[in-house]
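The block underneath contains the structure these notes are about, expressed in structure tokens.
The values are calculated or read from the model by the stated rules, or taken from the named source; none is laboratory data. Since the structure is predicted, the reported quantities are computational estimates derived from the model, not experimental observations. Note: ideal-geometry Cβ built from the backbone for every residue, glycine included; neighbour counts use all protein chains shown.
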2 protein chains.
Amino acid sequence: MDFSNKFTAELARINGAIARLAPAPPADAPAGGRRLAEAMRYSLQAGGKRVRPMLALAAFEVCAAGRPGVDPLPCAVALECVHTYSLIHDDLPCMDNDDLRRGRPTLHKRFDEATALLAGDALLTEAFRLMATHYDGDLSRALSRTLADAASGARLIGGQMQDILAERGAPPSAAELEYIHLNKTAALLEASLVCGGLMGGAGEDALALLREAGRRLGLAFQIVDDILDATADTASLGKTAGKDAAAGKTTYASLHGLPSARKIAAEQTAAALDAFRSLPGGGAFPAWLAERLLNRKN
Amino acid sequence: MDFSNKFTAELARINGAIARLAPAPPADAPAGGRRLAEAMRYSLQAGGKRVRPMLALAAFEVCAAGRPGVDPLPCAVALECVHTYSLIHDDLPCMDNDDLRRGRPTLHKRFDEATALLAGDALLTEAFRLMATHYDGDLSRALSRTLADAASGARLIGGQMQDILAERGAPPSAAELEYIHLNKTAALLEASLVCGGLMGGAGEDALALLREAGRRLGLAFQIVDDILDATADTASLGKTAGKDAAAGKTTYASLHGLPSARKIAAEQTAAALDAFRSLPGGGAFPAWLAERLLNRKN
């Protein structure tokens with residue numbers, strides 16, 4: 001099968017689901033409700049890579065041979081809502097203070113800080129609303145719990161907090177940098193694969209493989225992000241390039257050097273491929289996605 | 001029964017559950033994780049009125065004659081997490097820019113803006129984690145959905161957005177002010193009562209009564225808040241008094257005058273009492289709570 005065509009088709013399916021499921025204000029909503037929905041859609045529909053929904057759909061498909069009744073798209077959209085919220089809040093002046101995201105002004109630049117804060121809050125809430133609306137009790141509970149664990153203060157938000165502290169204080173050690181990446185980035189990639197598995201009825205062994213693949217993939221993904229920040233230009237990235245070096249930020253690239261950072265990313269990707277290929281369904285498309293993420297240019 | 005003693009006992013039970021269930025960092029957490037948990041506890045344990053957990057427990061008790069296996073406390077804590085998150089974000093400089101909350105410096109004053117932003121995000125996530133961890137599939141789903149609807153861009157966050165726009169633009173009409181209160185304040189009070197009912201196995205009729213009572217109570221609660229802002233002092237409020245007038249903000253008190261505002265609050269409370277008293281279990285304690293909220297001094 002031509003995975004490149006499949007990727008394009010899946011991307012269209014994901015973007016269609018986002019357009020359909022993203023909050024739209026009721027016709028009689030006052031100005032605040034319209035503004036908020038407009039802000040949420042501005043960020044959700046800025047044309048990201050859709051890595052998390054794509055991984056969820058791929059994991060679902062590998063596992064779902066016997067479970068045709070479940071629609072994975074609302075969950076895929078929920079994962080993108082959480083990712084988008086985390087970017088919006090991360091771009092705020094009190095955090096990374098960034099002006100450009102996905103090739104467009106960041107949300108607080110396009111609207112204002114209060115609107116960006118609230119739109120982020122609403123997107124996080126919307127993710128849990130989707131999980132609680134589109135799945136039956138046990139599956140809904142498992143998906144919500146997986147998402148809440150990944151987005152919690154112990155993981156995604158804990159990683160962001162540690163990242164902020166690292167920027168303010170002493171440069172992080174290699175172990176602290178790994179902690180930041182495993183939580184700030186890998187947690188939600190792991191959760192995306194696990195949610196796909198849960199929707200597909202995966203057993204404990206398959207879920208453990210998906211978790212392992214997500215952890216490896218997340219680490220590789222963030223290292224590639226750091227390498228691209230150091231080597232690509234703003235136009236191809238769609239966000240400000242060279243920010244890490246300008247801020248004196250410690251990354252895998254600065255700590256280990258570019259060749260070693262590339263090697264670690266490739267090793268982590270190889271470990272993710274091993275885990276995918278051990279899945280009952282073979283995991284060929286998830287493995288293709290993992291290689292694509294390693295070799296991406298933005 | 002002496003409801004005053006009951007209230008004190010319930011308050012202790014709620015505060016005990018918050019102390020037990022609020023996120024604590026694992027012993028080996030890095031500095032970021034410890035800071036985040038400390039910030040979340042600083043705001044959660046600042047000694048608020050615990051109105052939302054109290055209403056949830058009261059509604060649970062009225063309905064729960066036949067459902068002894070459910071522990072309402074994790075849900076009660078989840079509701080307080082959402083309320084606390086909304087206060088933390090509302091106090092930020094880009095929103096209300098407030099320095100004092102519950103008699104202490106606001107979180108961004110005590111820590112910093114980034115920590116307050118992230119602690120709020122983590123508390124919202126924690127609420128859904130509690131709902132997905134402590135209840136079985138169908139109940140977990142119903143609680144999550146109720147909470148997500150109430151906290152969504154269509155309700156809580158929509159009300160906050162409208163409130164911000166009203167402060168920046170033309171003073172709101174009476175209808176717009178009611179919209180703000182019904183969403184910014186009443187939505188979560190409604191959800192608290194409905195969650196209590198859901199945990200207690202309430203039927204559709206009882207849930208509708210709880211929703212109606214919450215709507216009325218929420219409106220009354222916010223009007224009393226506005227009246228206290230205009231008439232009480234900072235020391236008794238535990239937050240900056242006279243803010244609305246200083247900011248030229250339109251409230252029920254400024255729009256309708258203090259006597260009319262007091263009358264509307266009393267009428268809304270009376271309507272809430274009617275709804276509570278129509279509940280199968282009689283609703284005497286919820287009704288006592290509603291009267292207490294009307295006559296509160298902070």
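Inspect the range B:174-183 for any residue being away from every other protein chain (no Cβ under 12 Å), in a helix (DSSP H, G or I) and under 14 Å from the mean Cα position of the chain (by Cα) and give the result as yes or no.
Checking the range B:174-183: at least one residue is away from every other protein chain (no Cβ under 12 Å), in a helix (DSSP H, G or I) and under 14 Å from the mean Cα position of the chain (by Cα).
Among the residues of the range A:109-119, count how many are closer than 19 Å to A:Lys239 by Cα, crowded, with 19+ Cβ neighbours inside 10 Å and facing another protein chain (nearest Cβ under 8 Å).
0
If A:Cys94 satisfies every condition in (1) assigned to a loop (DSSP other than H, G, I, E, B); (2) more than 18 Å from B:His89 (Cβ to Cβ); (3) within 11 Å of chain B (Cβ to nearest Cβ) but one, which is the exception?
(2)
Checking the conditions here, which among B:Leu100, B:Leu193 is farther than 18 Å from A:Ala122 by Cα, away from chain A (no Cβ under 12 Å) and buried (at least 24 other Cβ atoms within 10 Å of the Cβ)? So that I can check it myself, show each step before the final result.
On the way: B:Leu100 fails: buried (at least 24 other Cβ atoms within 10 Å of the Cβ).
Residue meeting the stated conditions: B:Leu193.
Of all the residues that make up the range B:262-294, how many are more than 21 Å from the chain's Cα centre (by Cα) and crowded, with 20+ Cβ neighbours inside 10 Å?
1
For the range B:137-173: of the residues being part of a loop (DSSP other than H, G, I, E, B) and facing chain A (nearest Cβ under 7 Å), which is surrounded by the most Cβ atoms within 10 Å (Cβ to Cβ)?
Residue satisfying both the conditions and the ranking: B:Gly153.
What is the number of the single condition among (1) of a type outside the set (A, V, I, L, M, F, W, C); (2) within 14 Å of chain A (Cβ to nearest Cβ); (3) under 15 Å from the mean Cα position of the chain (by Cα) that B:Lys49 does not meet?
In the conditions (1) of a type outside the set (A, V, I, L, M, F, W, C); (2) within 14 Å of chain A (Cβ to nearest Cβ); (3) under 15 Å from the mean Cα position of the chain (by Cα), B:Lys49 misses (2) alone.
Can we say B:Glu126 is part of a helix (DSSP H, G or I), in contact (Cβ under 8 Å) with a residue 12 or more places away in the chain, more than 25 Å from A:Asp90 (Cβ to Cβ) and at the interface with another protein chain (Cβ under 7 Å from one of its Cβ atoms)?
On the way: part of a helix (DSSP H, G or I): yes; in contact (Cβ under 8 Å) with a residue 12 or more places away in the chain: yes; more than 25 Å from A:Asp90 (Cβ to Cβ): no; at the interface with another protein chain (Cβ under 7 Å from one of its Cβ atoms): yes.
Taking the combined requirement at face value, the residue does not satisfy it.
Working only within the range A:199-257, note down all residues that are modelled with pLDDT under 90, over 21 Å from the mean Cα position of the chain (by Cα) and charged (D, E, K, R).
Within the range A:199-257, A:Asp233, A:Lys249 meet the criteria.
Tell me yes or no: at least one residue of the range B:53-64 is within 11 Å of another protein chain (Cβ to nearest Cβ), more than 30 Å from B:Asp244 (Cβ to Cβ) and surrounded by 20 or more Cβ atoms within 10 Å (Cβ to Cβ). Please lay out each step first, then the result.
Filtering the range B:53-64 down to residues within 11 Å of another protein chain (Cβ to nearest Cβ) leaves none.
No, because not a single residue in the range B:53-64 is within 11 Å of another protein chain (Cβ to nearest Cβ), more than 30 Å from B:Asp244 (Cβ to Cβ) and surrounded by 20 or more Cβ atoms within 10 Å (Cβ to Cβ).
Which residue, of B:Asp121, B:Asp99, is modelled with pLDDT under 95 and more than 20 Å from B:Phe221 (Cα to Cα)? Working first, answer last.
Numbers: B:Asp121 fails: modelled with pLDDT under 95.
Checking each option against the conditions leaves just B:Asp99.
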